[in-house]
Each structure stands twice: as structure tokens, then as C-alpha cells.
Amino acid sequence: MAAQAQANSWDSKTLRTRFLDSNRHLFAQETLNAVAHMLIEIDRHEHVMEIALSYLAQHLAVGRVDIGFGSHRLKLYSTAAEHLADGAPSMFGIDLPNKSQVLQRVWLSPNPIAYHDIRNNPLIGGLQESFKQVGSRAILAQRLDDEEGAYGIVCIDDLESGRTWQSSEQCFVMQFCQIFLAPVLSISRRINTQQHTDKPSPAELDAVRLAARGLSYKQIAATLNKSIRTIEFQLRSARSKTGASNQTELVQRCQYWL
């Protein structure tokens, strides 16, 4: 019964009513067009991300918009998808310390966090070099929430100047992410997970849950009273089932079950 109710909540008519019809007089047509495109591609979450990130980049006239998944508990934060203007440097391969003040402020706030003039902003602290490497001059970041809590972050990068983010821009990003992107992407990821991913076993998820907290294999083994070899096998098995290529990606793909 629960599975049927969930399936019904994802049918195209219900999605159109929830995200388009109920917002038709509240948002510009270009925004609703982008959302409609996201709904058409909802069973392919990579396409949903590209549509949304491309729209945000165009609407705000910025060089890069990226998205990452996880939670405030993870040790590292990395990019899962991005939209780049011509010649813009990529965030892929740049792992940021998730416990930094810069990211924790975003994870713990329902509202967007604006960082103006990155290169002269004392709040950036030890991440100055990383942001300089990828050309960031001003950042506007918004966390993504579903019914189970925060599961990702959208980061909007101005690469041209130490831009001051206007209140209207911050309001737009918050509304677009909270009303459209976060719930649509959450549904899309769950559809994709059910279609293409084998769920790890309860024992494997126990290991993944501790890995998400930044524990080493040795610490996970001690906590679960198992051998390091067993933990290595369980995490390798979980990566195989989810199609994850590394530990960070494994945690991201298992967020729905953790």
C-alpha cells in the first residue's frame, strides 16, 4: 500500500499539479518552463541537475553553478554535477573540508549564505587557496532539503568580480531551491535509485553510516566489533551495488537509506 501511494505521488499529473499548476501565478514563465523541463526528465536525475544548474547560471549571469550531496557530518564535500560557462574552471576533483565554517554555515541554515568578495573575505579562512584555484570571486550557496533533512548544497559562483549578492537574488535562489529544485531532485534521485541501484545490506549500511562520519576502516571495525578485512569487504560490496567509484560517492548514493 505504501509503495503504491509513493508511486502515485510520482505520476506526471500529480507532479504537474504540485509544481506547475499551484505556482502558475507566483513565478515567471521562464522559471516554470525550466521546472516543466525538469519534470519531463525526472527519471534521469543527471538531466534534472543539468537543467536546473543551467537555468540558475543563465538567470543569475554567472560562470559556474555546481551541486554536491551529503550532510553536515561528512568529512569531505565534493561536486556531483556542475554547469560551466565557456572557459570556466571546474570544481570536479576539488574536495573541500566539510567541517569548515564556510560549509557548515550553509548546512545549518535554511536560508542562502552569501560570500562576497571571496579573495578579501575573512570568513573564507583556509579555503582561500581552493577557491582561488577555481576562480571563485563571490559565492551564493543554498542547502537542499527533503522530508528527511538536508541532503545537498547548490553553489553559485561569480567568476568575474567580488559581486555583492542582492536580496532579490538571494530570495530567488532560496525560493527556486526550496519550492522546486530540492523536492524535484529528491524525487528524481529516489526514482533513479530504485531503478538502477541495489540496496546495500543492513550490515553494509552500518559501515557506510560510520564512514559518512569520517571514521577510518580501523575505527569502523572497532566500533562494529568486526575485523578490518570485513569492513573493507562490506564497503567494497556496497560500492559495487550502488555503482559508486569511491567512498565519497558511496556515501552520497546511500544517503536515501542512512
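Of the residues screened, L32 is one that is touching a helix residue (DSSP H, G or I) at 6+ places or on another chain (Cβ under 8 Å), among the aliphatic types (A, V, I, L, M) and part of a helix (DSSP H, G or I).
Condition check for G162 on (1) more than 30 Å from L258 (Cβ to Cβ); (2) modelled with pLDDT of 90 or more: one failure, at (2). Taking the condition touching a Lys or Arg at 6+ places or on another chain (Cβ under 6 Å), over 14 Å from A114 (Cα atoms) and not in a helix (DSSP H, G or I), does G135 pass? When the stated conditions are applied, G135 does not pass them.
Could you tell me whether any residue of the range 176-195 is farther than 24 Å from P112 by Cα and open to solvent by 50 Å² or more (accessible area, probe 1.4 Å)?
The answer is yes; a qualifying residue exists.
Got a sec? Which of I156, I191, I179, I220 is more than 25 Å from L96 (Cβ to Cβ), at pLDDT 85 or above and of a type in the set (V, I, T)?
I179
Filtered by the rule that a residue be part of a helix (DSSP H, G or I) and either open to solvent by less than 40 Å² (accessible area, probe 1.4 Å) or among the aliphatic types (A, V, I, L, M) (or both), the range 153-175 gives E169, F172, V173, M174. Among the residues making up the range 55-72, a single one is closer than 12 Å to T31 by Cα and polar (S, T, N, Q): Q58.
Yes or no: the range 69-85 includes at least one residue that is more than 17 Å from the chain's Cα centre (by Cα), surrounded by fewer than 18 Cβ atoms within 10 Å (Cβ to Cβ) and either assigned to a helix (DSSP H, G or I) or in contact (Cβ under 8 Å) with a residue 40 or more places away in the chain (or both). There is at least one residue in the range 69-85 that is more than 17 Å from the chain's Cα centre (by Cα), surrounded by fewer than 18 Cβ atoms within 10 Å (Cβ to Cβ) and either assigned to a helix (DSSP H, G or I) or in contact (Cβ under 8 Å) with a residue 40 or more places away in the chain (or both).
The values are calculated or read from the model by the stated rules, or taken from the named source; none is laboratory data. None of these values were measured; they are calculated from a predicted model. Cβ coordinates were reconstructed from backbone atoms using ideal geometry, including for glycine residues, and neighbour counts include every protein chain displayed. Each accessible area value is taken on the protein alone, full model and side chains, heavy atoms only, with ligands, DNA and RNA left out. Shrake-Rupley method; radii C 1.70, N 1.55, O 1.52, S 1.80 Å.
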